[in-house]
Amino acid sequence: MTRMVTSLSALILSIVLLVSGNAFLMTLLGIRLSIEQVAPDVIGWVLVCYSIGFVLGTLYVHRVIGRVGHIRAFAVFAAMAAVASLMYPMALSMVFWAFLRVLSGFSIAGVLVVIESWFSSRATNANRGALFAVYQIVFYLSAAGGQLVVNVGDPANFMPFSLAAILLVLALVPLSLTRMEAPAIEQASRMSIFTLARQSFSGVAGALICGVMIGGFYALGPVYATLVGLDVAKTSTFMASAIVAAMILAWPLGRVCDRFDRRRVMFWVALVAAAAAGGVGVLETTNLAMLTLLVGLFTGLSASVYPIAVAITNDRMETSRIVSASATLLLSYGVGSVIGPIVMAELIGLLGPRGLFLGNAGFLVLLALITSYRISHTEDVPVAEQEHFVPAMPETSPVLTELDPRNEEFHESPEVEQMKENEERRQAG
């Protein structure tokens, strides 16, 4: 396993640079728009364009990659994201910024498809679960680290935007120098959302509502922090702690999900997260420690709704349909991430900063009601027959679902098979 991770070190370094640069830019934009006193509803419409571009990217970037190859496609997408970052300070036009957010979302989706297909191509049946976990840990830590970079420079001038562009361009270097062969890549198959909902309505609802909450928070969390009077340093800490909480709570909640009925777990997770979000909305505290604790509990539990939804769905799926079901859940999450910033921005406009968390509390209560209804009207999957819980991260492309340890249809790539043969010959000789 160590040897495999070492062989992927260039890929991992590219992920760190790319994800930290993108996370830094997302928070920077929210702060800058707040400084410019742009109305919250307008901010929501501008920032949601990233999610729109990302969803479109996951659907169409495979065509670009298939036409020009992995490394060229990676260079194109990373360069487009960097150019968009440099162009923000040129004109404070909301239409222009909305276009740049679509371009950024599409580009980041393309980069992630390239990176994750490389990860998938190097996996074996023995190590893919570990690689799946390594990828998610690197992603979360990089996103959290990107929040802390916001402290560098004044968001009101061009320098932070240039720094984001530098990080995105630097992500090109390690991967461009790699000697790894480009893997074959295929468009992930999906079933329709309605077909999946008939088999697992709780799973689809959980993925959709999770997208609403996480998409809304990541887009408007910096706006909330600015409106309640947090400075740039406290805002970066506020956002970073929320991301770290999502990573930390994933594993203990996974153990709970393996021991109890998962729909009941999702019901209680939704209620506790709703209480935490409601607490932030009602208390309106500016004490950073209290705010970090409540928001960390909210984001950590809310982010866990997606992997629980995946587990609930997979428990009701044939093994051969797990990947297509997971791809559809990602699409459902993406639709939610488009809805979230728009709805939450309107609530901030109506209720003030507390609207972000009161709105999220309302969606969580709705999820708890849906889950309760499904529990009372459909049969449970016996705990002994549940698939093993795997923490699944929604901020990704459908390619990574191939690595899911529950996917028994996984086939090792020809490159990995050749590596195994070479290793066997070396040991025999």
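Could you tell me how many of the residues in segment 73-93 are loosely packed, with under 15 Cβ neighbours inside 10 Å and assigned to a helix (DSSP H, G or I)?
The qualifying residues number 1.
Contact map, segment 148-165: residues that are without any contact (Cβ under 8 Å) to a residue 24 or more places away in the chain and closer than 11 Å to PRO89 by Cβ paired with residues that are not in a helix (DSSP H, G or I) and not aliphatic (A, V, I, L, M), Cβ distance under 8 Å, separation 6+ or inter-chain. Pairs shown: MET159/GLY153. Within the bounds of segment 158-179, is there any residue that is modelled with pLDDT under 85, closer than 25 Å to ARG63 by Cβ, touching a helix residue (DSSP H, G or I) at 6+ places or on another chain (Cβ under 9 Å) and surrounded by fewer than 20 Cβ atoms within 10 Å (Cβ to Cβ)? Yes: one or more hits. Any residue at all in segment 104-112 that's closer than 20 Å to ALA171 by Cα, surrounded by 23 or more Cβ atoms within 10 Å (Cβ to Cβ), among the β-branched types (Val, Ile, Thr) and modelled with pLDDT of 80 or more? Yes: segment 104-112 contains one or more residues that are closer than 20 Å to ALA171 by Cα, surrounded by 23 or more Cβ atoms within 10 Å (Cβ to Cβ), among the β-branched types (Val, Ile, Thr) and modelled with pLDDT of 80 or more. The set of residues in segment 327-362 that are open to solvent by 50 Å² or more (accessible area, probe 1.4 Å) and of a type outside the set (Val, Ile, Thr) comprises GLU346, GLY349, LEU350, LEU351, ARG354, LEU358. Considering segment 347-397, the residues that are outside any helix (DSSP H, G or I) and β-branched (Val, Ile, Thr) include one that is modelled with the lowest pLDDT, namely VAL390. If I filter segment 184-202 for residues that are modelled with pLDDT of 85 or more, surrounded by fewer than 24 Cβ atoms within 10 Å (Cβ to Cβ), part of a helix (DSSP H, G or I) and out of contact with any strand residue (DSSP E or B) (no Cβ under 8 Å at 6 or more places or on another chain), do I get at least one hit? Yes, that holds for at least one residue.
Each row is one residue, and each column tells you yes or no for (1) open to solvent by 60 Å² or more (accessible area, probe 1.4 Å); (2) assigned to a helix (DSSP H, G or I); (3) modelled with pLDDT of 80 or more; (4) farther than 29 Å from PRO222 by Cβ.
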| position | (1), (2), (3), (4) |
| --- | --- |
| VAL38 | no, no, yes, no |
| VAL46 | no, yes, yes, no |
| TYR50 | no, yes, yes, no |
| VAL55 | no, yes, yes, no |
| ILE65 | no, yes, no, yes |
| ILE71 | yes, yes, no, yes |
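Pairs linking a residue in segment 215-243 that is aromatic (Phe, Trp, Tyr) to a residue that is modelled with pLDDT of 85 or more and open to solvent by less than 10 Å² (accessible area, probe 1.4 Å), with Cβ atoms under 6 Å and 6 or more positions apart or on different chains, are TYR224/LEU356; PHE238/ALA225. Selection over segment 277-305 of residues that are among the hydroxyl-bearing types (Ser, Thr, Tyr) and at pLDDT 85 or above gives a count of 3. Within segment 304-318, not a single residue is open to solvent by 10 Å² or more (accessible area, probe 1.4 Å) and either within 24 Å of MET344 (Cα to Cα) or part of a helix (DSSP H, G or I) (or both).
Looking at (1) open to solvent by less than 10 Å² (accessible area, probe 1.4 Å); (2) in a loop (DSSP other than H, G, I, E, B), which is the one condition that is false for TYR224? Evaluating TYR224 over (1) open to solvent by less than 10 Å² (accessible area, probe 1.4 Å); (2) in a loop (DSSP other than H, G, I, E, B) leaves (2) as the failure.
From the list ALA327, ALA277, ALA270, the one residue that fits, being under 26 Å from ALA144 (Cα atoms), small (Gly, Ala, Ser) and either within 17 Å of the chain's Cα centre (by Cα) or not in a helix (DSSP H, G or I) (or both), is ALA327. Being open to solvent by 70 Å² or more (accessible area, probe 1.4 Å), at pLDDT 85 or above and in a helix (DSSP H, G or I) is a property that ARG264 has. Annotation: of all residues in segment 227-239 being part of a loop (DSSP other than H, G, I, E, B) and among the hydrophobic types (A, V, I, L, M, F, W, C), the one that is least open to solvent (accessible area, probe 1.4 Å) is LEU230.
The values are calculated or read from the model by the stated rules, or taken from the named source; none is laboratory data. As the structure is a prediction and not an experimental result, all values here were calculated from the model. Using ideal geometry, Cβ is built from the backbone for each residue, glycine included, and neighbour counts are taken over all protein chains shown. Accessible surface is based on the protein model in full, side chains and every heavy atom, while ligands, DNA and RNA are left aside. Shrake-Rupley method; radii C 1.70, N 1.55, O 1.52, S 1.80 Å.
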